[in-house]
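S.K.: After the structure tokens below, expect a handful of questions from me.
The values are calculated or read from the model by the stated rules, or taken from the named source; none is laboratory data. Here the structure is a predicted model, which is why all the values come from computation and not from measurement. Cβ sites come from the backbone with ideal geometry, for glycine too, and all protein chains shown count toward neighbours.
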Amino acid sequence: MSAFPHRHLLGIEPLAPADIQMVLDTADGLKEVLDRPIKKVPVLRGKTVVNLFYEASTRTRSSFEIAQKVLSADSLSISTATSSVQKGETLLDTAKNLEAMNPDMIVIRHASSGAPHFLARHCRSAIVNAGDGAHEHPTQALLDALTLRQRKGRLKGLRVAIVGDLLHSRVARSNLWLLSKMGASVVLCAPPTLVPPGIERLAPVTWRIEEAVEGADAIMVLRIQRERMTGGYLPSPREFFNLFGLTEERVRRAKKDVLILHPGPMNRGVEIASEVADGPYSVILDQVTNGVAVRMAVLYLLLGGSAGGTS
Amino acid sequence: MTPRVLLKGGRVVDPSRKVDARLDLMMAEGVVEEVGPRLAARGATVIDVKDLVVCPGFIDIHTHLREPGREDKETIATGTRAAAAGGFTAVCAMPNTEPVNDQAGITRAILERARVEGVVRVYPIGAITRGSAGEELAEYGDLKEAGCVAVSDDGRPVASARVMRRALEYARAFGLVVIDHCEEPTLGAGATMNEGPVSTLLGLRGAPAVGEAVVVERDIQLAELTQGRVHIAHLSAAASLEAVRRGKARGVSVTAEVTPHHLFLTDQAVKDTEYDTSTKMNPPLRAEADRRALLEGLKDGTIDCIATDHAPHTVDDKKVEFDQAAFGVVGLETAVALGLDRLVATELIDLPRLVALFSTNPARVLGLPGGSLAPGSPADVTVLDLKRKRQVDPARFESKGRSTPFAGWILRGGPVMTIVAGKVMWRER
Amino acid sequence: MDAGRVARTLARMAHEILERRPDMRGVVLVGVRSRGVPLARRLAGLLREASGVEPAVGALDITLYRDDFTVIASQPITKGTEIPFSIDGRTVIVVDDVLFTGRTVRAALDQLIDFGRPARIELAVLVDRGHRELPIRADYVGRSLATARQEIVQVLLKEEDGRDGVLLLERRARRARRGGAARGRALARRGK
């Protein structure tokens, strides 16, 4: 078996189905470490990982931190609220300063699409994209896939609906790539103002949520941000909920054992009804554990190895 | 007193007089004295240009020299050196300097600087409105008298149709062309590239081509209404080209320019280079269908000029995340070579047509001296070598700006000598 | 070693374990993946036959504990570690097929200690081929083999490879060549 053939994880789009499979299988294998009395293995001992989070995110950042610590890597988190970035330091300068400390990996979340690619061009460390602008959020898609695979036994042939603000969602793009590559069939649903141009080349699009969730094995609900109302995309949250909100009634059109995934945090009453959010189909807790496992797998595959890591 | 100079044995291509033949060119006192076969030297300095092409000096109708105000990006000295190294004998300098060139005093200052430091001719373009704010007209009479050859608010569109109408009307009194940067300001707000499948994949906000086309159509209809003269800057979309074609057919006084990057690249470049900021400019690189339409427009005459829209920036302004990067790339030192390698060598257009696009037509559009080698014309000459191969190397540019999407391209053909007023201002080593 | 020899060796090892640890209730076996696991299961069965008590068997995947001298990223983590019982206060017998440099056992020890506090840890190996790089020794040895460093000792087990046997191979031949099985046996007889 060969090593993971990529130096960075910048997105799902560049990965082959076999690469995705490798990450998911590795995540499965690593999960049991989280159940041990001593949740620590020395495999990444002596490796340094910097978490550079330009966008606030307790969830994703904590998940990465735990994954790093379980594997015995040294973890350093920089969130912009308390750093020199507030004083106007550029991304490049921040990265170069960090590089002087020789981190093996930088995990970056940033509001600009392409920021991880920018770092990869200018830094020596391995780069992991924890979310860049509206572009991709690969570890989110991987953990969603792991959750689906655990509950359904497979990804191939699953019918998955992705509903909500597609235009601004990096989670939607990463999931669309991953599910398509792994042989699932995806249906997209959003009001016309929130459909990215040309996306119908990648998956069918419908404005009717009833149509999208019909017979679905899983429904991924995307966050709708309040600013979209004032940005002229939508007239009101009420109208959005009436037409696109995931209600109990709409969920019944899906398969009986449908799974509901939401990248969180949820806007109850806007994209999802409370009863559905708290209902039995929700797999949010699974997603949290799988998040740590998937991030452990990514760290292991990119950094684990003899001195010098992958080729 | 400038010595007499004889360019001997070259192929003279002068579309203004439908000349394309092996001829000698004699220059004296800064003007063309005679063009003819086997001219006698009679004490002139002889420059052997055998196997080379001799053309009326190329004019870049759209350049940003950045001085006054942003000398960190470029100065009149470095910008004109870049022009000479690119085969241009003259540049038309856009007014979006700091302060904006909306007053005669600033125009005069630019011309004075050009007189002292400039290596090629500098023709300033004045602003359409005060501060290019798009509201009150600038003083066209004064600007023209001080030396402006056209008016433009380039960098920004003239958002108000009423203001554009007034500008077209008023400019008539001075025979000035209004050059518009056509961009509907709300459609593309916050956009960093062309809107389309590529911007969707990259997660970047895009500006639809329609945003340019609606303003181009507006300007052409206003030019028709006012009988004014409008020139469309850096045209990038097929729909805009269509509008120009229809306008010309109706007899409207509209002309158009196109840049090399829009002719040879598409928005796919942003993805292929993984968000490299040398693919970020305004108007953005568009879709393949737009690019092909522009090439057709070059061939059928809908497009009058190739302009560089040379927009130098500091390294700091470009070496950042894509959506933070400044818009613009340099172009003076690559345009001519690109034209020869990608248009003439591929037989999309012939050499005389290329010369017209770079020289004859820019001069005609703005009424500039030059663009011709008729006796009495300024002795501005661009000498080309169709065979020489060079790789584009930004590290060796004369310009302070280094951001170009053509870095590393190997181009066959390019300028080897630039002569202004009978003096050799640049020569390929 | 042929299949018969392997069976007799394992039976002898089981008796040695029983001799030293007559109270089987305090003993657990932990096989090192991958071939240590079926060996541990077989020993557990033999110990049950001999004593009436079958010790629990766990599996240890040491991939996450290797030191730098092995390439980690090429090892898939598919089976993982399964020790579904407490090892606190017990006698843990680590079972592996071949003892060579000792680095695998070092990793196994580190991992076990992260799992709990055994009373003692002992080591049982089918083959000890020498060339230790760490101060590690086995408590129960099936067969000692003098080998050259570049030779390879390959243990075959029915559960994994379809048949039982131990082969000594030269580094060039990754798989036993035709007739090599015989040569392998012949070479194996050199030892001890």
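So that you can scan it fast, the table gives a plain yes or no per residue for (1) surrounded by fewer than 21 Cβ atoms within 10 Å (Cβ to Cβ); (2) of a type in the set (A, V, I, L, M); (3) at pLDDT below 95; (4) in contact with a helix residue (DSSP H, G or I) (Cβ under 8 Å, 6 or more places away or on another chain):
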{"position": "A:Gln150", "(1), (2), (3), (4)": "yes, no, yes, yes"}
{"position": "A:Ser174", "(1), (2), (3), (4)": "no, no, no, yes"}
{"position": "A:Cys189", "(1), (2), (3), (4)": "no, no, no, yes"}
{"position": "A:Val213", "(1), (2), (3), (4)": "no, yes, no, yes"}
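S.K.: For the condition farther than 26 Å from B:Arg66 by Cα and of a type in the set (A, V, I, L, M, F, W, C), what is the one hit in B:Ala311, B:Ala289, B:Ala307?
M.R.: None of the other options fit; the residue is B:Ala289.
S.K.: Okay, moving on. Of the residues A:Arg223, A:Arg228, which single one is at pLDDT 85 or above, touching a helix residue (DSSP H, G or I) at 6+ places or on another chain (Cβ under 9 Å) and of a type in the set (Lys, Arg)?
M.R.: Checking each option against the conditions leaves just A:Arg223.
S.K.: Can I ask one more? Quickly run through region A:44-68 and pick out the residues that are under 29 Å from C:Asp67 (Cα atoms) and not aliphatic (A, V, I, L, M).
M.R.: Scanning region A:44-68 gives A:Arg45, A:Gly46, A:Lys47, A:Thr48, A:Asn51, A:Arg61, A:Ser62, A:Ser63, A:Phe64, A:Glu65, A:Gln68.
S.K.: Among the residues in region B:237-253, are any surrounded by 21 or more Cβ atoms within 10 Å (Cβ to Cβ), farther than 21 Å from B:Gln324 by Cα and of a type outside the set (A, V, I, L, M)?
M.R.: Checking region B:237-253: at least one residue is surrounded by 21 or more Cβ atoms within 10 Å (Cβ to Cβ), farther than 21 Å from B:Gln324 by Cα and of a type outside the set (A, V, I, L, M).
Here's the yes/no breakdown for (1) in contact with a strand residue (DSSP E or B) (Cβ under 8 Å, 6 or more places away or on another chain); (2) farther than 17 Å from B:Glu257 by Cβ; (3) within 14 Å of another protein chain (Cβ to nearest Cβ):
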{"residue": "B:Ala269", "(1), (2), (3)": "no, yes, yes"}
{"residue": "B:Thr273", "(1), (2), (3)": "no, yes, yes"}
{"residue": "B:Arg286", "(1), (2), (3)": "yes, no, yes"}
{"residue": "B:Lys299", "(1), (2), (3)": "no, no, no"}
{"residue": "B:Asp323", "(1), (2), (3)": "no, yes, yes"}
{"residue": "B:Leu340", "(1), (2), (3)": "yes, yes, no"}
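S.K.: Next question. Filter region B:28-48 down to the residues that are under 18 Å from B:Ser377 (Cβ atoms), among the aliphatic types (A, V, I, L, M) and part of a loop (DSSP other than H, G, I, E, B) and list them by number.
M.R.: Listed by number, the residues that qualify are B:Leu39, B:Ala44.
S.K.: Looking at region B:200-312, what helices (runs of 4 or more DSSP H) fall wholly within it and have at least 1 residues that are over 26 Å from B:Leu411 (Cβ atoms)?
M.R.: Answer list for region B:200-312: B:210-226, B:238-249.
S.K.: Which condition does B:Gly155 not pass, out of (1) touching a Gly at 6+ places or on another chain (Cβ under 6 Å); (2) modelled with pLDDT under 95, if it passes all the others?
M.R.: (1)
S.K.: Just to check your reading of the model, which residue among A:Ile106, A:Ile162 is more than 27 Å from A:Leu243 (Cα to Cα) and either in contact with a His (Cβ under 6 Å, 6 or more places away or on another chain) or buried (at least 24 other Cβ atoms within 10 Å of the Cβ) (or both)?
M.R.: Criteria check complete, one pass: A:Ile106.
S.K.: Considering only region B:403-423, state which residues are assigned to a strand (DSSP E or B) and under 20 Å from the mean Cα position of the chain (by Cα).
M.R.: B:Leu411, B:Gly413, B:Gly414, B:Pro415, B:Val416, B:Met417, B:Thr418, B:Ile419, B:Val420
Per-residue answers, yes or no, for (1) in a helix (DSSP H, G or I); (2) in contact with a Cys (Cβ under 9 Å, 6 or more places away or on another chain):
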{"residue": "B:Asp341", "(1), (2)": "yes, no"}
{"residue": "B:Leu348", "(1), (2)": "no, no"}
{"residue": "B:Leu368", "(1), (2)": "no, yes"}
{"residue": "B:Leu384", "(1), (2)": "no, yes"}
{"residue": "B:Ala395", "(1), (2)": "yes, no"}
{"residue": "B:Ser399", "(1), (2)": "no, no"}
{"residue": "B:Met425", "(1), (2)": "no, no"}
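S.K.: Which numbered condition trips up A:Arg223, out of (1) out of contact with any Ser or Thr (no Cβ under 8 Å at 6 or more places or on another chain); (2) of a type in the set (Lys, Arg); (3) under 30 Å from B:Glu195 (Cα atoms)?
M.R.: It is condition (1) that A:Arg223 fails.
S.K.: Out of the residues in region A:278-311 that are at pLDDT below 85 and assigned to a helix (DSSP H, G or I), which is farthest from the other protein chains (Cβ to nearest Cβ)?
M.R.: Checking each candidate, the answer is A:Ile284.
S.K.: Being charged (D, E, K, R), surrounded by fewer than 19 Cβ atoms within 10 Å (Cβ to Cβ) and within 14 Å of A:Gly279 (Cβ to Cβ) is the filter here; which residues of region A:215-268 pass it?
M.R.: A:Glu248, A:Glu249, A:Arg252, A:Lys256, A:Asp257, A:Arg268
S.K.: Of all residues in region C:18-40 being hydrophobic (A, V, I, L, M, F, W, C) and either under 9 Å from the mean Cα position of the chain (by Cα) or part of a helix (DSSP H, G or I) (or both), which is nearest to C:Gln111 (Cα to Cα)?
M.R.: C:Val32
S.K.: From the list B:Gly211, B:Gly188, B:Gly175, which one is in contact (Cβ under 8 Å) with a residue 40 or more places away in the chain, of a type in the set (Gly, Ala, Ser) and assigned by TED's automatic domain parsing to the domain that holds B:Pro362?
M.R.: Unique residue meeting the criteria: B:Gly175.
S.K.: Out of all the residues in region A:98-134, which are within 8 Å of chain B (Cβ to nearest Cβ) and of a type in the set (S, T, N, Q)?
M.R.: Residues satisfying the conditions are A:Ser112, A:Ser113.
S.K.: Now a separate question. Search region A:191-205 for residues being more than 15 Å from A:Leu246 (Cα to Cα) and more than 14 Å from chain B (Cβ to nearest Cβ), and hand back the single one that is surrounded by the fewest Cβ atoms within 10 Å (Cβ to Cβ).
M.R.: Ranking the qualifying residues of region A:191-205, first place goes to A:Pro192.
S.K.: Which ones in region C:105-162 are small (Gly, Ala, Ser) and within 14 Å of chain A (Cβ to nearest Cβ)?
M.R.: If the condition is that a residue be small (Gly, Ala, Ser) and within 14 Å of chain A (Cβ to nearest Cβ), then C:Ala107, C:Ala108, C:Gly116 are the ones that fit.
S.K.: Return the only residue of B:Glu257, B:Glu224, B:Glu274, B:Glu217 being in the same structural domain as B:Gly190 (by TED's automatic domain parsing), of a type in the set (Asp, Glu), modelled with pLDDT of 95 or more and crowded, with 24+ Cβ neighbours inside 10 Å.
M.R.: Only one candidate passes the filter, namely B:Glu257.
S.K.: Out of curiosity, is A:Val205 at pLDDT below 90 and within 23 Å of the chain's Cα centre (by Cα)?
M.R.: For A:Val205, the condition - at pLDDT below 90 and within 23 Å of the chain's Cα centre (by Cα) - is not met.
S.K.: I'd like the residue in region A:176-187 that is within 14 Å of chain B (Cβ to nearest Cβ) and not aliphatic (A, V, I, L, M) and, out of all such residues, is surrounded by the most Cβ atoms within 10 Å (Cβ to Cβ).
M.R.: Among those that are within 14 Å of chain B (Cβ to nearest Cβ) and not aliphatic (A, V, I, L, M), it is A:Trp177.
S.K.: Now a separate question. For the subset of region B:127-155 comprising residues that are touching a residue at least 40 places away in the same chain (Cβ under 8 Å) and over 14 Å from B:His231 (Cα atoms), which member is surrounded by the most Cβ atoms within 10 Å (Cβ to Cβ)?
M.R.: Step by step, filter region B:127-155, then rank; the result is B:Cys148.
S.K.: Find the helices (runs of 4 or more DSSP H) located wholly in region B:102-180 whose residues include 2 or more that are more than 18 Å from the chain's Cα centre (by Cα) and basic (Lys, Arg), and list them.
M.R.: Output list reads B:104-117, B:161-172.
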